[in-house]
1. What are the residues in the range 8-24 that are exposed (fewer than 11 other Cβ atoms within 10 Å of the Cβ) and either in contact with a Ser or Thr (Cβ under 8 Å, 6 or more places away or on another chain) or under 14 Å from LEU69 (Cα atoms) (or both), if any?
2. Tally time: how many residues in the range 25-52 are under 14 Å from GLY67 (Cβ atoms) and not aromatic (Phe, Trp, Tyr)?
3. For SER5, indicate whether it is touching a residue at least 40 places away in the same chain (Cβ under 8 Å), more than 9 Å from the chain's Cα centre (by Cα) and surrounded by 15 or more Cβ atoms within 10 Å (Cβ to Cβ).
4. Of the conditions (1) touching a helix residue (DSSP H, G or I) at 6+ places or on another chain (Cβ under 9 Å); (2) open to solvent by 70 Å² or more (accessible area, probe 1.4 Å); (3) small (Gly, Ala, Ser), SER27 fails just one. Which one is it?
5. If I filter the range 50-59 down to residues being closer than 17 Å to ILE8 by Cα and in contact (Cβ under 8 Å) with a residue 12 or more places away in the chain, which single residue comes out as most open to solvent (accessible area, probe 1.4 Å)?
6. Do you know which residues across the range 30-48 are surrounded by fewer than 14 Cβ atoms within 10 Å (Cβ to Cβ), assigned to a loop (DSSP other than H, G, I, E, B) and modelled with pLDDT under 95?
7. Every residue in the range 60-78 that is open to solvent by less than 70 Å² (accessible area, probe 1.4 Å), more than 9 Å from the chain's Cα centre (by Cα) and within 17 Å of GLN15 (Cβ to Cβ), please.
Amino acid sequence: FSKSSDSIINFIRAQAKPYPGAYCFLSNGDKLTVHAAEKIIINEFRNLDLGMILKYPGGFIAKVSDGLLFFKECEINL
């Protein structure tokens, strides 16, 4: 999450279906596989700590080095 939002989006696109997908781990240990993401601006979340991931309607929000990403196509793998 220390890379730019463009770099992370491009990495996610390169790993998307039919490939296994980019992934990270949630604070509870569940694996979050991400297939699509987009940059977003939500002022109430701009002060999150780097790498923080929050559940949000329709997906997850992640704080990256230069803003926020919305993981819009993703799945939790236990």
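1. Our first condition is that a residue be exposed (fewer than 11 other Cβ atoms within 10 Å of the Cβ); within the range 8-24, this holds for 14, 17-20.
Scanning the range 8-24 gives a single hit, PRO20.
2. Residues flagged as under 14 Å from GLY67 (Cβ atoms) and not aromatic (Phe, Trp, Tyr) within the range 25-52 amount to 15.
3. So SER5 passes the test.
4. SER27 satisfies all of (1) touching a helix residue (DSSP H, G or I) at 6+ places or on another chain (Cβ under 9 Å); (2) open to solvent by 70 Å² or more (accessible area, probe 1.4 Å); (3) small (Gly, Ala, Ser) except (1).
5. Step by step, filter the range 50-59, then rank; the result is LEU50.
6. Answer for the range 30-48, where residues must be surrounded by fewer than 14 Cβ atoms within 10 Å (Cβ to Cβ), assigned to a loop (DSSP other than H, G, I, E, B) and modelled with pLDDT under 95: ILE41, ILE42, ARG46, ASN47.
7. Residues of the range 60-78 open to solvent by less than 70 Å² (accessible area, probe 1.4 Å): 60-65, 67-71, 74, 77.
Applying the additional criterion that residues be more than 9 Å from the chain's Cα centre (by Cα) yields 65, 67, 77.
Passing the criteria: only ASN77.
The values are calculated or read from the model by the stated rules, or taken from the named source; none is laboratory data. It should be emphasised that the depicted structure is a prediction, and the values quoted were computed from it without experimental measurement. Neighbour counts are summed over all protein chains in view; Cβ atoms, including those assigned to glycine, are modelled from backbone coordinates with ideal geometry. The protein model used for the area step is the full one, side chains on, heavy atoms only, and it has no ligands, DNA or RNA in it. Shrake-Rupley method; radii C 1.70, N 1.55, O 1.52, S 1.80 Å.
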